[in-house]
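The values are calculated or read from the model by the stated rules, or taken from the named source; none is laboratory data. The structure presented is a predicted model; accordingly, all values stated were derived computationally and were not measured. Note that each Cβ is placed from the backbone with ideal geometry, even for glycine, and that neighbours are counted across all protein chains shown.
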Amino acid sequence: MAFIGCIQKQIPVLPVVEDQIKFYKAWLDGVFTLPSTEEMKRNCEADYAERLAEGMLEHNAHEMRTIEQRLYPYLDSLAQDGKFKPWSAAMKGILLIFAGNNVRQACSAKSYRFTVID
C-alpha cells in the first residue's frame with residue numbers, strides 16, 4: 001500500500017503526485033530498493049532536527065514550504081532515486097509563478113498560458 005498525494009495545501013498538488021507516482025512505480029519495477037526502516041526513521045529525525053535548527057516552530061516543522069527550499073529538493077531526490085527526469089529549471093520557474101499566483105489570485109491563475117522553450 002502507498003499513500004500518494006498526502007500533501008499540504010500550500011504547495012501545488014499535481015507535480016508532487018506525478019513524481020510520487022513515478023517514484024513508486026520505479027520502486028515496484030525494481031529500479032531501486034528502499035532503505036531499512038531504521039535508516040528511514042533516522043533520516044526523518046535528522047530532517048526534523050534540521051528544520052528546528054533553522055528556526056521552524058515544532059508545529060510547523062513537518063511542512064513542505066518553501067517551494068525552493070523544501071519542495072524542489074524533495075522532487076529532485078525522488079527523480080534521482082527513481083532514475084527519471086527531474087523538473088527542468090524552466091518548469092520549476094513556472095511552478096513557482098503559478099503556485100504563488102494560485103494562492104493569491106485563484107481565479108485568474110487558471111487562465112495563464114506558458115510556453116516552455118528549452
So Tyr112, is it modelled with pLDDT under 95 and in contact with a His (Cβ under 9 Å, 6 or more places away or on another chain): no
Some residue of the range 57-68 being in a helix (DSSP H, G or I), surrounded by 13 or more Cβ atoms within 10 Å (Cβ to Cβ), at pLDDT below 90 and in contact with a Gly (Cβ under 9 Å, 6 or more places away or on another chain): yes
Residue within the range 16-27 that is touching a Gly at 6+ places or on another chain (Cβ under 6 Å) and without any contact (Cβ under 8 Å) to a residue 40 or more places away in the chain present: yes
Checking Gly5 against (1) among the small types (Gly, Ala, Ser); (2) part of a helix (DSSP H, G or I); (3) surrounded by 11 or more Cβ atoms within 10 Å (Cβ to Cβ); (4) without any contact (Cβ under 8 Å) to a residue 60 or more places away in the chain, the condition it does not meet: (2)
Search result, residues across the range 34-56 that are assigned to a loop (DSSP other than H, G, I, E, B) and closer than 26 Å to Gly93 by Cβ: Glu54, Met56
